[in-house]
Amino acid sequence: MEQNGAGLAGTIALGDMTVHRLGFGAMRLCGDSAWGRPKDRDHVNRLLHRAIGLGVNFIDTADSYGPQANESLISQALYPYPSDLVIATKGGLVRPDRRSWVRDGRPGHLRAAVEGSLQRLRLERIDLYQLHAPDPNVPFAESVGALADLQRIGKIRHIGISNVTVAQLDLARSITPIVSVQNAYNLRDQSSADVLAACERLGIAFLPWYPLGGKRGLRALKVKQVATRHGLTHAALSIAWLLAKSPVMLPIPGTRSIDHLEENVRAAALTLAPGDFGDLG
Ligand SMILES: NC(=O)c1ccc[n+]([C@@H]2O[C@H](COP(=O)([O-])OP(=O)(O)OC[C@H]3O[C@@H](n4cnc5c(N)ncnc54)[C@H](OP(=O)(O)O)[C@@H]3O)[C@@H](O)[C@H]2O)c1
């Protein structure tokens, strides 16, 4: 493992597990729109092995990526897994077609989804299982309760939730311990600042999805200017900013490019002070 890898971001606890504070988001390893299979399976294998070689020991996936194909790509490339690797998957969304992400938080669906993920990931227990999003047609407590039941019978080690409000986090915590929250958060979208603050108070991990935040718009131009001033790329500045923003932040940038993966992991070594980000927030 390389000395200057993801470990330079420090570590973070997920319940009784500890991982490096820079992970990898696997969603984009499928075809476009997180649909289908990749054109070059060997390249995906090489990329996942490179991530492990760079010290990444946290990978985020979901049964709805592919759908299903994403979890299989990970097990086909990495099983038997390194002992310190934590694979976090998610359930509660279904994909009738490429454009649709439909919420299904019914307990029966979640039970079947966990069984499917266990099989595809070749695991007897999922280290971190996240409810992908609350389903407006199902009481949130019922969805979380179903995951708590699956935890009790040993299918799930730890539970996380995603795309939630502070009130939903509080409700989930009244049912079962929650070790992580995964919401959109980046230099351009800090609408989950209150959820991040709640995670800080509770000492649980916050996984910002879409961490690089895209490159369009005025705000992105400003980010580019600050990045240029420090001799950094947009991506490296975004990751360094997230890591500096909070000790509970666990970014999961995703890429299909090994060069970009290496660049993103190099950002773990950057030690920027809050003042270095100017008025980016
Ligand atoms: N919970 C949820 O609802 C939810 C929703 C979306 C995503 N997620 C999770 O969050 C992870 C990350 O989200 P994301 O993929 O949407 O956003 P992201 O990681 O911010 O952005 C990925 C995009 O940035 C590009 N990129 C990556 N590194 C780069 C670099 N160094 N230089 C230039 N471009 C770079 C990638 O293209 P290249 O392939 O060309 O590098 C890709 O188009 C996903 O993999 C998934 O696990 C969760």
(message) For the range 65-124, give me each residue that is of a type in the set (G, A, S), over 23 Å from N137 (Cβ atoms) and either in a loop (DSSP other than H, G, I, E, B) or touching a residue at least 60 places away in the same chain (Cβ under 8 Å) (or both).
(response) S83, A88
(message) If I filter the range 251-274 down to residues being more than 10 Å from the ligand (Cβ to nearest atom) and either charged (D, E, K, R) or surrounded by 15 or more Cβ atoms within 10 Å (Cβ to Cβ) (or both), which single residue comes out as modelled with the highest pLDDT?
(response) A268
(message) Give all pairs with beta carbons closer than 8 Å in which a residue from the range 257-281 that is under 16 Å from L243 (Cα atoms) and in contact (Cβ under 8 Å) with a residue 24 or more places away in the chain meets a residue that is basic (K, R) and within 16 Å of the ligand (Cβ to nearest atom); count only pairs at least 6 apart in sequence or on separate chains.
(response) A268/R21
(request) For the range 20-49, name all the residues that are basic (K, R), within 18 Å of the chain's Cα centre (by Cα) and more than 15 Å from W209 (Cβ to Cβ). (result) R21
(message) Let me spell it out: the conditions are (1) in contact (Cβ under 8 Å) with a residue 40 or more places away in the chain; (2) touching a strand residue (DSSP E or B) at 6+ places or on another chain (Cβ under 9 Å); (3) closer than 24 Å to N163 by Cβ, and R28 meets all of them except one. Which number is the exception?
(response) (2)
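Residues checked against (1) under 25 Å from V179 (Cβ atoms); (2) within 13 Å of the ligand (Cβ to nearest atom):
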| residue | (1), (2) |
| --- | --- |
| A6 | yes, no |
| G31 | no, yes |
| R37 | no, no |
| N45 | no, no |
| N57 | yes, no |
| D60 | yes, yes |
| D63 | yes, yes |
| R98 | no, no |
(request) Determine if the range 159-167 includes at least one residue that is of a type outside the set (F, W, Y), buried (at least 16 other Cβ atoms within 10 Å of the Cβ) and in contact with a Gly (Cβ under 7 Å, 6 or more places away or on another chain). (result) no
(request) Confirm whether L147 is touching a strand residue (DSSP E or B) at 6+ places or on another chain (Cβ under 6 Å) and surrounded by 14 or more Cβ atoms within 10 Å (Cβ to Cβ). (result) yes
(request) Go through the residues of the range 74-85 one by one and say whether even a single one is crowded, with 24+ Cβ neighbours inside 10 Å, aliphatic (A, V, I, L, M), within 16 Å of the ligand (Cβ to nearest atom) and closer than 22 Å to V179 by Cα. (result) no
(request) Determine if the range 260-267 includes at least one residue that is acidic (D, E) and under 21 Å from G10 (Cβ atoms). (result) yes
(request) Could you please tell me which pairs satisfy a Cβ distance under 8 Å, a separation of 6+ or placement on different chains, a first residue in the range 213-233 that is within 14 Å of L272 (Cα to Cα) and of a type in the set (G, A, S), and a second residue that is within 14 Å of the ligand (Cβ to nearest atom) and assigned to a helix (DSSP H, G or I)? (result) A227/H234; A227/A236; A227/L237
(request) Could you please let me know if Q151 is in contact with a Lys or Arg (Cβ under 8 Å, 6 or more places away or on another chain), part of a helix (DSSP H, G or I), of a type in the set (S, T, N, Q) and modelled with pLDDT of 95 or more? (result) yes
(message) Looking only at the range 1-46, filter to residues that are assigned to a helix (DSSP H, G or I) and on the phi > 0 side of the Ramachandran plot; which one of those is surrounded by the fewest Cβ atoms within 10 Å (Cβ to Cβ)?
(response) S33
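The values are calculated or read from the model by the stated rules, or taken from the named source; none is laboratory data. For clarity, every value in this text was computed on a predicted model and none was experimentally measured. Positions of Cβ are backbone-derived with ideal geometry, glycine not excepted, and every protein chain shown enters the neighbour counts.
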